[in-house]
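These notes concern the structure reproduced below.
The values are calculated or read from the model by the stated rules, or taken from the named source; none is laboratory data. These figures come from a predicted structure and were not determined experimentally. Counting neighbours? That spans all protein chains shown, and the Cβs are built from the backbone with ideal geometry, glycine included.
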Amino acid sequence: MSRNDTAEGIRIGRVAAVATLLAALLASLLIAAPADAATVKFNPVRKTNHALVFKPRGLPVSAIRGAKVTLRSKGRRVERRQISAKHMRSVVCRRASLRVPFQPTARPRRLTKKGDGRLKVKVVVEDPSTDDGGTTDGGTTDVTPPPSDTTAPDTSTTAGPAQGSSTTSTSASGEVYTVPSSVPSGCSTDATSQILSWIASVPNNSTLLFGANACYRIEGTLELRNRNLTFDGNGSTFKSLNAPSGQRALWRAVDSTVVFRNMTIIGSYGNGGVFTDNLQWAHGIDLRGTHGVVEDVSMSDLAGDCVYFGLGASQSSGAVRDSSCRRIGRNAVSVTAGDDIRVERVTTDRIGYIVFDVEPNTGSGNGSSRVVFDSNTIGSYYMKAYTVIGNAPVADQAFTNNRLVGQGLKIGVVNRTYRPRRLRITGNSSDTAAAPAAMNIDGVDGLTVSGNTVPLTSGTMAKVDSSCDVSVSGNSYPGGSQEASITNPQF
């Protein structure tokens, strides 16, 4: 090999090494880039002599982090303009047009054509379930939501998948298994371990039928994981007599599909209607990453919530209907990580904190979409009848046709890290006057408040601040002075 060939080989080798290093550096930067960042691009929809007009549509307002516009003139002069997040959010919130002129010069230049410009809006995906993608009015987007990284709660004793058991009958949902005679009833002896053993013995897609109007004492937690089961209480009661502890739910389902029906759940909390901080997780039915249906279930005397929809390997979902929740230390129904949930025809009274609370925990995987509280009867409560808290992505929430008896209506919606999106409060009524304001709503994108009958002792029915796309109309507020106070509609 000649000296020139050797030198050329060394040069090629060095170039290859540098290319490898640059590729590795680029890969590391791509890996380190936040998965939830995206740029949404918009072409102009109209051109004037010295400006382009954009109509940014379909963006989640609270996700906007800023924007940049590039313009080109006939002389191919290029201008780049930064637009603040605040101004961009205001444009999107008002569904306004964004007019971007060239800077004036001694010799004005005309833009060549409508296509000689591009608006790039930096957004952070907050709600991957959104249905208003930016594909209209010259907008294009390719937004991928970040992956979830969630873990199920640690537990000690659970009823795992079955190895087999004898059947007594068949139903449309699979085999029906009648409670064994070895499970103690009468509430004189703790039946927790025997019921867990029975649950573990039956296959998935089965119905477990308890004794008619029996009483089962539960001093542990009836927990199951990765199961698909129906629990038919057959009129039975599941009751704890020992003092509650902070994390001890009576029923808990993790990453499962479950139905609870025709039963009574009674805790041992003797201070119903009063919140006790260190006992607030002692729930009646604790759902983690589970699709759960709770129907015809009476729940009472619990230190935590009647029903909790939380995070397991995924978010929870399901329904609570035709049930009751009384004398509770915390909330009737909580949603911290839950989608596609309907709570209807539930009667509540003496709630120690909030009746219906959509309040995601912080962290990956939490949030809530498409949750409806409809046609419920609400008695006394401590803080609020309904709350929505933006600790994580929250969208498509509804509080509709609920009736308050003996206490005025109080609703609170708070914008924290995330702004709630598309909230509907309609058709609700109360028979008791509330102190103003009945509704305090902050930082919502897409709010409808209509058809409510809310007696007041005085003042304003709804105070709405820093919100976008707000409609408050057609409400009755006897005793009050005005329907709504809407402040800071732009941001």
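Odds and ends about this structure:
- Some residue of segment 358-367 being at pLDDT 95 or above, part of a strand (DSSP E or B) and either over 18 Å from D296 (Cα atoms) or of a type in the set (F, W, Y) (or both): yes
- Being at positive phi, at pLDDT 95 or above and over 35 Å from the mean Cα position of the chain (by Cα) is a property that does not hold for N226.
- Number of positions in segment 399-421 that are over 12 Å from the mean Cα position of the chain (by Cα) and either modelled with pLDDT of 95 or more or crowded, with 18+ Cβ neighbours inside 10 Å (or both): 16
- Considering residues of segment 453-491 that are in contact with a Phe, Trp or Tyr (Cβ under 8 Å, 6 or more places away or on another chain) and not in a strand (DSSP E or B) only, the residue farthest from G406 (Cα to Cα): S466
- Residue in segment 21-36 that is of a type outside the set (K, R), at pLDDT 50 or above, in a strand (DSSP E or B) and within 27 Å of N415 (Cβ to Cβ) present: no
- Residues (crowded, with 24+ Cβ neighbours inside 10 Å, of a type in the set (A, V, I, L, M, F, W, C) and part of a strand (DSSP E or B)) located in segment 268-324: I285, L287, V294, V297, M299, L302, V307, F309, V320
- Segment 201-215, subset of a type in the set (A, V, I, L, M) and buried (at least 17 other Cβ atoms within 10 Å of the Cβ), residue farthest from Y177 (Cα to Cα): A214
- Residue within segment 423-432 that is assigned to a strand (DSSP E or B), in contact with a Phe, Trp or Tyr (Cβ under 6 Å, 6 or more places away or on another chain), crowded, with 24+ Cβ neighbours inside 10 Å and assigned by TED's automatic domain parsing to the domain that holds S375 present: no
- Qualifying residue in segment 225-246 (condition: closer than 26 Å to G289 by Cβ, in a loop (DSSP other than H, G, I, E, B) and among the acidic types (D, E)): no
- Flag for G246 being in the same structural domain as A191 (by TED's automatic domain parsing) and either out of contact with any helix residue (DSSP H, G or I) (no Cβ under 8 Å at 6 or more places or on another chain) or surrounded by 24 or more Cβ atoms within 10 Å (Cβ to Cβ) (or both): no
- Taking the criterion of being over 21 Å from I378 (Cβ atoms) and not small (G, A, S), the residues of segment 308-341 that qualify are L311, Q315, D339, D340.
- Residue in segment 60-80 that is in contact with a Cys (Cβ under 7 Å, 6 or more places away or on another chain), surrounded by 14 or more Cβ atoms within 10 Å (Cβ to Cβ) and at pLDDT below 85 present: yes
- Subset of segment 433-491 that is among the charged types (D, E, K, R) and under 26 Å from A85 (Cβ atoms) - its residue that is surrounded by the fewest Cβ atoms within 10 Å (Cβ to Cβ): D465
- Per-region count, segment 40-84, residues touching a residue at least 40 places away in the same chain (Cβ under 8 Å) and assigned to a strand (DSSP E or B): 19
- Residue pairs meeting the criteria (Cβ under 7 Å; at least 6 apart or on separate chains; first more than 14 Å from S316 (Cα to Cα), in segment 357-382; second among the aromatic types (F, W, Y)): F373/F356; F373/Y386; F373/F399; Y382/F275; Y382/Y353
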